[in-house]
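Beneath this line is the structure, given in C-alpha cells, with notes to follow.
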Amino acid sequence: MNVGPGIRRRRRALELTLAEVARRAGVSVPFLSQVENGRSRPSMASLQRIADALDSTAVELLAAAEAPRPVDVVRAADTPATEGGARPLVRGHQRLHALEFTGDHDWDRAYRHAGDEILYVADGSAEVEVDGARHLLESGDTLYITAQRPHRWRPLEPGTRVLVMGEAP
C-alpha cells in the first residue's frame, strides 16, 4: 500500500513544506520525499511520527492511501503487514478504519485523537492503558474508548493479534 499520496495531500492541505514536516517528524527530507513518491515504505513508527507532524494518525494516513470503495474484500494473502506488524483491514478513505497488529507495539507512546476506538484481542493477550488505568485483555476481549483519552497498548505474549477499529470524525 502506497501511503505517499495521502501524506502529500495532507501536507499540502496544511500548507507545510517537506522540510517542516520532516523536522517535526524527526525524519530526513529525502526519506519523506521518497515516501511521498512511493519509492520508500515507512515503518509503523516512522509513519506515526509523520502522522503526528501532520496532526493526523497513522490509521488515517493509511486509509487515505486509496479511494473509498462501497464494497471491498481485503484478503490476508494480498495485504501483507507493514514492517511494524500492522495490516490494514479496510482500504480507502472510509469513516471506519481498522488495522490488525501483530508483534511488538510502541508502549512508550500514548495516543490521543478524535473519534472512538475499539480494541479486540483476536489471539493472545494485551495490556491497555486508558487515562492511567490499566486493563488486561485476553483472547476474545474487547475494549471501547473515546479516543480523545490518552491510551496505549502492548501485547503480553508472542503471537498476540490485536484488531484496532476506529471511526473517523
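The values are calculated or read from the model by the stated rules, or taken from the named source; none is laboratory data. Every value quoted in this text rests on a predicted model; they were computed, and no experiment measured them. We place every Cβ from the backbone using ideal geometry, glycine too, and count neighbours over all the protein chains shown. Calculation scope for accessible area: heavy atoms of the full protein, side chains included, ligands and nucleic acids excluded. Shrake-Rupley method; radii C 1.70, N 1.55, O 1.52, S 1.80 Å.
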Here are the criteria: (1) open to solvent by 50 Å² or more (accessible area, probe 1.4 Å); (2) outside any strand (DSSP E or B). Tell me which single one residue 165 does not satisfy. (2)
From the set of residues in the stretch 52-78 that are farther than 18 Å from residue 105 by Cβ, open to solvent by less than 20 Å² (accessible area, probe 1.4 Å) and in a helix (DSSP H, G or I), which is modelled with the lowest pLDDT? 63
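Which is more than 20 Å from the chain's Cα centre (by Cα) and either among the basic types (Lys, Arg) or closer than 25 Å to residue 76 by Cα (or both), of 8, 41, 12?
Result: 12 is the single residue among 8, 41, 12 that is more than 20 Å from the chain's Cα centre (by Cα) and either among the basic types (Lys, Arg) or closer than 25 Å to residue 76 by Cα (or both).
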Only one of (1) surrounded by 14 or more Cβ atoms within 10 Å (Cβ to Cβ); (2) closer than 30 Å to residue 71 by Cα; (3) in contact (Cβ under 8 Å) with a residue 40 or more places away in the chain is not met by residue 110, so which one is it? (2)
Scanning the stretch 115-146 residue by residue, the ones that are open to solvent by 50 Å² or more (accessible area, probe 1.4 Å) and among the hydrophobic types (A, V, I, L, M, F, W, C) total 2
Exactly one condition in (1) in a loop (DSSP other than H, G, I, E, B); (2) modelled with pLDDT of 75 or more is false for residue 6; which is it? (1)
Residue 100 fails exactly one of the following numbered conditions: (1) within 15 Å of the chain's Cα centre (by Cα); (2) open to solvent by 50 Å² or more (accessible area, probe 1.4 Å). What is the number of that condition? (2)
How do the pairs read when you match residues in the stretch 139-161 that are at pLDDT below 95 with residues anywhere that are open to solvent by 80 Å² or more (accessible area, probe 1.4 Å) and not aliphatic (A, V, I, L, M), using Cβ under 6 Å and keeping only pairs 6 or more apart or on different chains? 149/131; 150/112
Residue under question is residue 40, and the condition is that it be part of a helix (DSSP H, G or I), farther than 14 Å from residue 111 by Cα and among the hydroxyl-bearing types (Ser, Thr, Tyr); does it hold? no
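Any idea which of 23, 49 is under 22 Å from residue 109 (Cα atoms), modelled with pLDDT of 85 or more, within 17 Å of the chain's Cα centre (by Cα) and surrounded by 13 or more Cβ atoms within 10 Å (Cβ to Cβ)? Lay out the reasoning, then the answer.
On the way: 23 fails: within 17 Å of the chain's Cα centre (by Cα).
After ruling out the rest, the residue left standing is 49.
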